[in-house]
1. With 52 Å as the cut-off, how large is the P(r) tail for the chain, expressed as percent of Cα-Cα pairs?
2. How large is ³J(HN,Hα) for each residue in segment 282-288, as worked out from phi by the Karplus curve 6.51 cos²θ - 1.76 cosθ + 1.60 (θ = phi - 60°), to whole Hz, x for Gly and Pro?
3. Express as a percent, rounded to the nearest 5, the fraction of DSSP beta bridges in the chain (both residues included) that run antiparallel.
4. What does the net charge come to around Val19 if you take all other residues with beta carbon closer than 14 Å to its beta carbon, with K and R at +1 and D and E at -1?
5. If I histogram all Cα-Cα distances within segment 475-613 using bins 10 Å wide from 0, what percent of pairs lands in each bin?
6. Which listed residue (Val627, Cys609, Met709) has the Cα farthest towards the positive end of the charge dipole for segment 603-738, taking +1 on Lys and Arg C-beta and -1 on Asp and Glu C-beta about the Cα centre?
7. Out of residues 5 or more away from Ser677 or on other chains, whose amide H comes under 5 Å of its own, with H placed 1.01 Å from N in the peptide plane?
8. With +1 on each Lys and Arg Cβ and -1 on each Asp and Glu Cβ, and nothing else charged, work out how big the dipole of segment 475-613 is about its Cα centre, in Debye to the nearest 20.
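Bear in mind that the values in this text are calculations on the coordinates, not laboratory data. Treat the numbers as computed from the prediction; the structure is a model and nothing was measured. Heads up, the Cβs are rebuilt from the backbone with ideal geometry, glycines too, and the neighbour counts pull from every protein chain shown.
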Amino acid sequence: MTTTTDSQQSPEASQYDVVGTRPIRHDGVDKVIGAAKYGADIQLSGMLHGKVLRSPYAHARIKSIDTSEAEALTGVTAVVTSKDFPIIADEMIDLAETQGNARLMAEHVMAADKALYKGHAVAAVSATGPHIAEQALALIEIDYEVLKPVLSLQEAMKDDAPLLHGNLTTYFKLERFGRGDDTGAKSNIASHIQHKLGDVEKGFKEADVIVEREFTTQTVHQGYIEPHASTATWAGDGRLTVWTCTQGSFAIRSSCAAILDIPESAIRVIPTEIGGGFGAKITTYLEPVAAVLSKKSGRPVQVVMSRKDVFEGTGPTSASTMRTKIGATKDGKITAAQVWMAFEAGAYPGSPVGGGTLCATGPYNIANLLVDGYDVVVNKQKVQAYRAPGQPQGAFAVEPVIDELAEKLGMDPLEFRLKNAVKEGDRMPNGVPHPHFGVMEMEEAMKAHDHYRTPLTGPNQGRGVAVGYRWQGGQASSATITVNNNGTINLVTGSVDIGGSRTAVAMQAAEILGISAEDVSPTVVDTDTIGWTGVTGGSRTAFDTGLAAIQAAQETIRLMKARAALLWEIDEEEVIFDGGIFRCTSTEDNISFKDLSARLMRTGGPVTCSVSAASPGSGPIIAGNLVDLEVDPETGKVDILRYTAFMDVGTAVHPAYVEGQIQGGTVQGIGWALNESYFYDEEGVMLNSSFLDYRMPTSLDVPMIDTVMIEVPNPKHPFGIRGVGEAPIIPPLPALAIAVSNAIGVKMSDLPLTPDVILAALESKGS
């Protein structure tokens, strides 16, 4: 185990030539000079502009739609409603990490019988100009039957609650990814997930101290800057080409094929540069709409969301209600835990409650455990992933209880966590044994850190400590390497680059080939040009696509060994490769990778290697936070005084990028904990659908986030790396809640901790 702060290359990475260094990112120049093409930058000959009409009601039956006046407007080329989309059967399709119901996906894109949230798309127009398209939207007449909206978990889960979907039944499943068994019970509960270990009742009887609390979180936006934008052209030969800002071009291809009822082979998805996503740009919204408009118009169509469209018509993360009960003995050993979670799915099933149930108790060895999670539909935007989906809420439901147990037992909060930390072989909630990862190493580093040992200095100050756990599965990735005659390579992948993954993957290929990162030219290409590749999300790209690039590099070396053998007139088995040099074991002959590259055309022609690699998943990931803050008792305002973020990163491929991921996730967690929330009126209308009113943190709200990278190499990867993009957002929610609780002397259980919430807590304390 090594700990890295700001050194050029960590001790763990010092055994490598490229991994652990800090080359300039390959896409940096294009982005700095404005040459990078984002979704709205696509310009095609004869391109039309599309606009989407959205429901003003959170729950309404669509009785009729009259588009005649809009169609008659000069400049309008097409108007589409759900009737222009094929009728899709209720069938599940594979979307790699998850499955989706094709019919529900189509209705999400364009409402059919009912609008299920305020902002639900109900019609769309293409025209020769954007203003004409907007004018046409105003001419579409829709007769709605307004229905009572179901806006809260409590209301939705009642036996007599109005049903959003008449045919939705609850599925019960004992693990995260399987669909489970259909109970036949019609309700707003789409699924019930359960994990069980040991005997919970017996475990609580053995406890000397039991803490039981309830927690809530609210709907939160991912905060990406670039709005969704898609351009489509449906050619006369039946081929559909889509340009879109997405985290997963193959996922978009699969979704479009299902929604439009055409073969995937007839669709080409070209990913543009992406201005942030954080999980929210995996789902299809505009692509099928632009496609159908293009088919009807006979010309390319571009649809770009406004900021209001983004807030009202796309998916945030889930609001949640959770109840936690944990017991421990007098000597600090946890004997049992029970966690109940209900997550809002929005209008259609698919909340991240599975991630919450699997990971909430992940840092702890608990022999007796019962976790129940409920996926509940409500009349709000269909939720989407947000950085470690479901796990920040899960940690928020567990860590304050852990802290309170330590307090009641008179134990140091980190010592209590260390006493109960999982070890290799301990069971996850689903029964799977843990491999080794750096939970104890990280918590020891937190305990020994100067931040933890420095006392607070003033009144109304509080310190929070929390850890957050994530299990990272994997998806397949593909990579192609072409060797150039000057010793450089072209590296082609299908993984959209959000946080510098092009460079991180290129560095791994360079390490294998014994060349510099600058000698690799990485490119992200379309679905026709590369093998199937999973989404860029879930902290998987540097790991999964890195594995594909490593395998492609190894295959490249194998082929080039044959060329060296041909050059030296020896058997291939006599050629070894080390540090960028091919050597003959029987003579003193040697040749560098670059020099051999110059001779490829004279020894058999070009070398190109393509690999599609399945992923084992990177396994468990752990992050921790120490935070000091001060609460103004007069205003309820929170000022963060000091923040240190810890994480077991495996091996830091590019330490600067890793630090940026940790800091970025931490800041998003701060916003979630202190400021951010969707505000709805009683009719389900969002009241703060702009960045002016939706309060994201700025540079004025946060101090410097100090980072400590704990490096416990991951045995599942040749260089020991883990994913780093997700876990940093998990511990800030509980860490800040604990810190505020300690500052004001009131246990805080509801997020966000806005000034009015804190003032109310202080008033209740005084009364």
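1. Roughly 15 percent, once rounded to a whole number.
2. Along segment 282-288, the couplings run 9, 6, 8, 10, 9, 4, x Hz.
3. 75
4. Once all neighbours under 14 Å are counted, the net charge is -2.
5. Calculated over all Cα pairs of segment 475-613, the distribution is 13, 43, 28, 13, 2 percent.
6. The residue sitting farthest along the positive end of the dipole is Cys609.
7. Answer set, sorted by chain and number: Arg695.
8. 260
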